[in-house]
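*Asks:* Pasting a structure here, questions to come.
The values are calculated or read from the model by the stated rules, or taken from the named source; none is laboratory data. Worth saying up front: this structure is predicted, and the values here are computed from it rather than measured. Cβ placement follows ideal geometry from the backbone for every residue including glycine, while neighbour counts extend to all protein chains displayed. Ligands, DNA and RNA are stripped out before the accessible areas are found, and what is left, the full protein with its side chains, is counted by its heavy atoms. Shrake-Rupley method; radii C 1.70, N 1.55, O 1.52, S 1.80 Å.
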Amino acid sequence: MKIDPWSSTTYQDYTRLRKEFGIQEFSKDLWKDLPHPHRLLRRDIIFGHRGFELIYEAIRKKKPWAILTGLMPSGKMHLGHKMVIDEVIYYQSIGADIFIAVADIEAFATRGYTLEETKELALNEYIPNYIALGLKPENCRIYFQSKHQDVKDLAYILGKKVNWSQMIATYGFDNSANMTHIFSPLVQTGDILHVQLEKYGGVRPTLVPVGVDQDPHIRLSRDIAQAHRLYNVTVTKDNKIGVFVKVDTEIEKLLDNAEKILHQLQFNDLKRITDYKAIYIQKATKEDIPKIDEFLAKSEVKFGGYGFILPSATFHRFITGLTGEKMSSSKPESAIFLTESPQEARRKIMNAKTGGAVTLKEQKKHGGNPSDCMIYELFLYHLIEDDKELKDIYKSCKKGEQMCGICKKYAAECMEKLLLKIQEKRKTAEKKVKQYLS
Ligand code: TRP
Ligand code: SF4
């Protein structure tokens with residue numbers, strides 16, 4: 001199995017995806033103590049993560065952290081696109097610095113849009129919707145890949161430690177792939193890692209909230225971040241914690257520096273073996289690694305390194321389209337667009353695929369199947385905030401007490417409220433776009 005970020009596959013078996021790619025489960029322990037956890041976190045829609053523990057720690061200890069995500073405009077913005085920005089707005093409300101990349105280079109390379117067209121879509125469609133949904137201008141920068149010199153520089157420079165076979169293994173490129181396309185994952189790595197440059201807030205935990213189709217980019221960015229580190233902290237074969245210098249210049253100085261940092265962290269029982277470029281810490285455990293690593297990372301900058309902390313990521317499931325296939329701008333019946341009229345949305349909802357039985361009689365007897373129902377998905381992802389109300393719908397559907405007709409009408413009403421609210425706010429949003437662009 002391969003995850004292809006540029007295909008339009010829908011993924012059914014998320015547990016299998018997790019296992020196959022070593023994605024961690026996004027368990028309750030990771031979100032239950034966050035401030036007012038967002039419904040997408042509570043409802044297992046975000047089903048997996050890499051390295052979210054670092055973010056959790058930063059939030060709990062009130063240390064700085066950042067969000068970086070990107071959008072590749074593809075037609076009009078619909079409910080599927082809304083999820084990432086809902087997450088971003090939540091994280092902004094709990095203190096993250098926000099960065100949003102408009103992936104115009106990628107859209108040009110992979111979707112056949114011109115940079116100009118992408119710009120139009122971003123400025124007139126996506127960003128105003130983000131603002132209407134509640135994104136605030138404070139601590140928030142939106143930028144275009146093609147205009148961001150530091151991002152592009154990083155893409156070139158960091159690419160030094162990626163070779164062609166790694167790119168083939170990760171993306172399955174073949175001989176016909178064009179060079180701009182091949183290069184676009186490096187630009188995305190530039191997006192993800194640039195926020196840790198001094199100029200943009202420095203070395204700190206960074207979370208990339210994305211759909212699971214983006215996991216290849218996440219793996220690549222994490223590999224690249226790791227490859228550029230000067231230190232590596234790990235468990236050794238004989239179960240000790242070791243700090244290793246990965247480069248061949250300034251070894252003594254780097255070891256001195258690590259020793260000093262370890263002392264500051266109260267690790268005093270150290271064994272330094274310069275020939276191995278190593279310091280072994282006698283009384284440390286696996287749990288100490290992230291903290292040690294964070295302090296070492298920050299110190300790498302003064303030795304000319306980047307000190308990137310591995311970027312963390314969360315992965316969400318995709319909302320199914322109203323027709324049962326993927327929600328996609330190219331199939332208008334499958335999607336509800338944020339700029340759509342409530343009447344049009346209602347019509348699509350009334351035609352949507354449900355988990356209802358073939359006849360009313362059947363449904364009363366055996367109940368419906370909310371787990372395979374687009375209306376229920378609308379409630380779950382977007383329309384119902386109250387967990388208890390959602391649960392009640394689930395139960396009464398299962399028991400055959402809730403009928404699809406009434407259920408659809410209720411969904412249409414909720415959708416109307418949501419759309420009107422967004423559209424009202426959009427009226428002033430367009431004038432505010434400039435405040436968000438860096
Ligand atoms: N590749 C993403 C997409 O297809 C867009 C993107 C560009 C992105 N840069 C990013 C996503 C950085 C997350 C982080 O939608
Ligand atoms: Fe879906 Fe509602 Fe019908 Fe149940 S009653 S199958 S939740 S539309």
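*Asks:* How do the pairs read when you match residues in segment 239-252 that are modelled with pLDDT under 95 with residues anywhere that are part of a strand (DSSP E or B) and surrounded by 13 or more Cβ atoms within 10 Å (Cβ to Cβ), using Cβ under 9 Å and keeping only pairs 6 or more apart or on different chains?
*Replies:* Close Cβ pairs (under 9 Å, with a partner that is part of a strand (DSSP E or B) and surrounded by 13 or more Cβ atoms within 10 Å (Cβ to Cβ)) amount to LYS240/TYR280; LYS240/ILE281.
*Asks:* Applying the selection to segment 151-170, what residues are within 16 Å of ligand 1 (Cβ to nearest atom), open to solvent by less than 40 Å² (accessible area, probe 1.4 Å) and not polar (S, T, N, Q)?
*Replies:* Within segment 151-170, VAL151, LEU154, ALA155, LEU158, GLY159, MET167 qualify.
Residue by residue, here is whether (1) open to solvent by 60 Å² or more (accessible area, probe 1.4 Å); (2) near ligand 2 (Cβ under 8 Å from one of its atoms); (3) modelled with pLDDT of 95 or more holds:
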residue	(1), (2), (3)
GLY355	no, yes, yes
LEU360	yes, no, no
TYR376	no, yes, yes
LEU390	no, no, yes
LYS395	yes, no, yes
MET415	no, no, yes
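*Asks:* Moving on to the next point. Those residues that are surrounded by 17 or more Cβ atoms within 10 Å (Cβ to Cβ) and charged (D, E, K, R), I need them from segment 313-332; list them, please.
*Replies:* Correct list: ARG317, LYS326.
*Asks:* If we only count strands (runs of 3 or more DSSP E) wholly inside segment 179-250, which ones have 3 or more residues that are within 17 Å of the chain's Cα centre (by Cα) and crowded, with 20+ Cβ neighbours inside 10 Å?
*Replies:* The strands (runs of 3 or more DSSP E) meeting that bar are 206-211.
*Asks:* Another one. Among ILE3, ILE67, which is the only one that is in a strand (DSSP E or B), within 16 Å of ligand 1 (Cβ to nearest atom) and not basic (Lys, Arg)?
*Replies:* Result of the check over ILE3, ILE67: ILE67.
*Asks:* With (1) under 12 Å from the mean Cα position of the chain (by Cα); (2) open to solvent by 40 Å² or more (accessible area, probe 1.4 Å); (3) under 19 Å from GLY321 (Cα atoms) as the list, and GLY70 as the residue in question, which single condition is left unmet?
*Replies:* All conditions are met except number (3).
Okay, residues lined up against (1) open to solvent by less than 20 Å² (accessible area, probe 1.4 Å); (2) in contact (Cβ under 8 Å) with a residue 24 or more places away in the chain; (3) hydrophobic (A, V, I, L, M, F, W, C):
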{"site": "GLU53", "(1), (2), (3)": "no, yes, no"}
{"site": "LEU79", "(1), (2), (3)": "yes, yes, yes"}
{"site": "TYR90", "(1), (2), (3)": "yes, yes, no"}
{"site": "ILE100", "(1), (2), (3)": "yes, yes, yes"}
{"site": "THR114", "(1), (2), (3)": "no, no, no"}
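*Asks:* Return the total of residues in segment 25-64 being within 27 Å of PHE295 (Cα to Cα), part of a strand (DSSP E or B) and among the aliphatic types (A, V, I, L, M).
*Replies:* 0
*Asks:* Further, regarding this structure: For segment 310-334, how many residues meet the condition of being over 26 Å from LEU378 (Cβ atoms) and out of contact with any strand residue (DSSP E or B) (no Cβ under 7 Å at 6 or more places or on another chain)?
*Replies:* So the count comes out to 1.
*Asks:* Can you tell me which residue in segment 333-353 is farthest from the chain's Cα centre (by Cα), limited to those that are open to solvent by 10 Å² or more (accessible area, probe 1.4 Å) and in contact (Cβ under 8 Å) with a residue 60 or more places away in the chain?
*Replies:* MET350
*Asks:* Still on this structure, I have one more. Counting only residues that are modelled with pLDDT under 95, open to solvent by 100 Å² or more (accessible area, probe 1.4 Å) and not in a helix (DSSP H, G or I), how many does segment 269-304 have?
*Replies:* Adding up the residues that qualify gives 1.
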